[in-house]
Every structure is written in C-alpha cells, then in structure tokens.
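The values are calculated or read from the model by the stated rules, or taken from the named source; none is laboratory data. The structure presented is a predicted model; accordingly, all values stated were derived computationally and were not measured. For neighbour counting, all protein chains shown are included, and Cβ atoms are generated from backbone atoms with ideal geometry for every residue, glycine included.
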Amino acid sequence: MSTVPGAVVPGLPTRPGTTRAGRAPRGRLTARARHERNAGLAFVSPWVVGFLVFTAWPILYSLYLSLTDYDVLNDPTFVGLDNYRRMAADPQVRLALWNTLQYTVLQVPLYVVVALALALLLHQAGRARGFFRTAFFVPKMTPPVAVGVLLLMLFNGQYGLVNKVLAVFGIDGPSWTTDPVWIKPGLALVSLWGVGSAVVILLAALQDVPQDLHDAARVDGAGWWRRTWTITLPMISGALFFVTVVNTIAAFQMFTEAYSAYFGAGNSTYSNDAALFYVIYLFREGFQELHMGYASALAWLLFVIIMLVTAVQLLVSRRLVYYEGDQR
C-alpha cells in the first residue's frame, strides 16, 4: 500500500510524545532541539556564572553598602539614606562633578573630531593604510599610568616639549600642569594619545561607504567638502555615535592619568582641586579614608548620571544617526 509522506494512516501506532504524523506537538521541543539548547547553555554557562559572581553580585552588594556605614574592617551598619544626604551637602562632590563635566565637554568633541580627521586621512592613504592604521593604534596600548607621566613631561610649563614647540612660533605656553585653568585642557590634549582605537573604528566605517554615491555626487559637481558633509558623515553616523557614547562614558570615569599625574605618591600638587575628578574623589573616600559605604553611594550616583547622559544621547541619535536599512 502506498501512502503520502507525512499522512496519518489509520490503525498505525505513533511514537510517544509525537503526533500521528511523526511531528512533536506544538510548543514541545524535539530531542534534537533539546540537545542543541542544552549544548548552547553549557557553552555560555561559564560566562553566565562569571557575570553573576564577578559583576551582578558586586553591583547589587554595592547598592546595599551604599545604605550602610562600612569601613572594611568592621561589619556594615545600616544607616539608610544618610550617605546620600551627606552627598547632597558635600562641597567636594559638587567640585568633583563640575571638574568631570568640564573635562567631558572639552575632551569628547576634541577626541571625536581628531579621530574623524585622522580616519579621513588614512582613508586616502592607499596601500600604506595598513601600516598607518597600526601606527596610530599602537599608542593605545600604553599603560594609563605612563600616559600620566607623559603628561608631566610634555606639558611642563618650564621645560615641556609642548611649550618648546610653541616657543618656536613665538607663543608663550601656559603652565599646563599647575595653572588650574589649563589642567583640564592639558588632560584633554594628552587623551589624544589613545585616539587610535576610534580611528580604526571610523576607518572601518569609511570603507563601507558605497563609492557609487561619491561618484554620482562628483558627476553632479559636488566637491570634497560637500560630499563629506552630505554623504560620508551621514553614512558613518552610526560609528560616530558609538565612538561618542563610549568616550563620554570613559570621560566621566577619568581617573588613572589624572591621579598618577596630580595625586600620586610624593606629588606636591595633591591638594590641586582643579584635577579632582569624580572617580578620584570616590577612590579617596573608599580606599584611603575607608568610607566604603559612602564611596558606594558615590558610585551609584555616577552610575545614574552616566545612564541619564547615555539615555539623552540615544534620544538625540534617533534624529541624527542613520543605519543601513533604516526606513525613516
């Protein structure tokens, strides 16, 4: 007797857990699907366990510590919202936040513009592009502590290389490392030492811009600047947005370079308020003064600020960022 494949034949038994057509009931996984699911869970389980133990639990525990008086040496004592009330009245918190905000406003646009300019230059480099891409990225591997020392060497008001170069052009360079007005601009400039990572990201985005669009615009008489403004920048706006968000978060967490340059052991400028960034104040409260409960509250305030700033950037990006396949 011939039958149609998949047809139900009256009187023939079916396997347990399947329909009479040989298929698993709707909503129930087959043995192969369950095996693949279990294998996938087994592969991701090390990451899941690591995330829960080393990231999620410390984050949640720090929230609890922010509600306690904890000095590391003794058990935490619950104090409710006292740490947050203390933050609201602490002038050092306002000073550190203001310094951090000033630095972020200076550093992020400068960093993105320089990275974009270098990426545009490398895009025209032809066969030498690979060499220069590596050359720009290598400084990113420099330890941040070394970058802080480099800041003191390059921007020293008396014998620093930057002021010596300015003197060649008849410009009297400022006291970058001691004048409160110039400390944050100096740190913003030295941050360009690691601009190579953003250059690589933007260069990859530039290489994905369709050449046909440039050719059509060139035929219509558009110059380089017009093509860059109307074609290149919109097409790489997603990469620009990514670089901006990531660098904004990093700027709010500015610590190592400023700490090694202005607050390190034996540094006479330890009391320099112009270099007191938020994370430096958090570090001092938590690991020098052992006010770990208060430091946890400071950390949560920084988390909320970064989350709000990022949320605003995401809202703005809906109008300014173009993604391939976007139908808006």
Odd one out for ASP71, checked against (1) free of Cβ contacts under 8 Å to residues at least 40 places away in the same chain; (2) touching a His at 6+ places or on another chain (Cβ under 8 Å): (1)
Residues of segment 179-229 classified as in contact (Cβ under 8 Å) with a residue 60 or more places away in the chain and more than 29 Å from the chain's Cα centre (by Cα), total: 0
Residues within segment 198-254 that are of a type in the set (Phe, Trp, Tyr) and either under 30 Å from ARG94 (Cα atoms) or surrounded by 15 or more Cβ atoms within 10 Å (Cβ to Cβ) (or both), tallied: 3
Segment 35-51 residues that are among the basic types (Lys, Arg), paired with ones that are modelled with pLDDT under 95 (beta carbon under 8 Å, 6 or more apart): ARG37/LEU29
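Residues checked against (1) closer than 30 Å to TRP300 by Cα; (2) among the small types (Gly, Ala, Ser); (3) modelled with pLDDT under 90; (4) surrounded by fewer than 11 Cβ atoms within 10 Å (Cβ to Cβ):
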residue: VAL8; (1), (2), (3), (4): no, no, yes, no
residue: THR14; (1), (2), (3), (4): no, no, yes, no
residue: ALA21; (1), (2), (3), (4): no, yes, yes, no
residue: THR30; (1), (2), (3), (4): no, no, yes, no
residue: PHE43; (1), (2), (3), (4): no, no, no, yes
Members of segment 283-304 that are free of Cβ contacts under 8 Å to residues at least 60 places away in the same chain and not small (Gly, Ala, Ser): PHE283, ARG284, GLU285, PHE287, GLN288, GLU289, LEU302, PHE303, VAL304
Helices (runs of 4 or more DSSP H) wholly inside segment 189-237 containing at least 2 residues that are in the same structural domain as ALA117 (by TED's automatic domain parsing), of a type outside the set (S, T, N, Q) and closer than 30 Å to LEU151 by Cβ: 196-207
Within segment 116-161, considering residues that are among the basic types (Lys, Arg) and under 24 Å from the mean Cα position of the chain (by Cα), the one surrounded by the fewest Cβ atoms within 10 Å (Cβ to Cβ): LYS140
Verdict on GLY221 being of a type outside the set (Phe, Trp, Tyr), over 23 Å from VAL114 (Cα atoms) and in contact with a Phe, Trp or Tyr (Cβ under 8 Å, 6 or more places away or on another chain): no
Residue within segment 131-143 that is farther than 20 Å from VAL195 by Cα and of a type in the set (Lys, Arg) present: no
Pair list, Cβ < 7 Å and 6+ apart or interchain, from segment 243-255 residues that are of a type in the set (A, V, I, L, M, F, W, C) to residues that are outside any helix (DSSP H, G or I): MET254/PHE277; PHE255/PHE277
Count - residues of segment 90-123 that are free of Cβ contacts under 8 Å to residues at least 24 places away in the same chain and closer than 20 Å to ALA274 by Cα: 6
Qualifying residue in segment 300-323 (condition: closer than 27 Å to ASP82 by Cα, at pLDDT below 95 and among the aliphatic types (A, V, I, L, M)): no
Residues satisfying the stated conditions in segment 171-188, i.e. among the aromatic types (Phe, Trp, Tyr) and assigned to a helix (DSSP H, G or I): TRP182
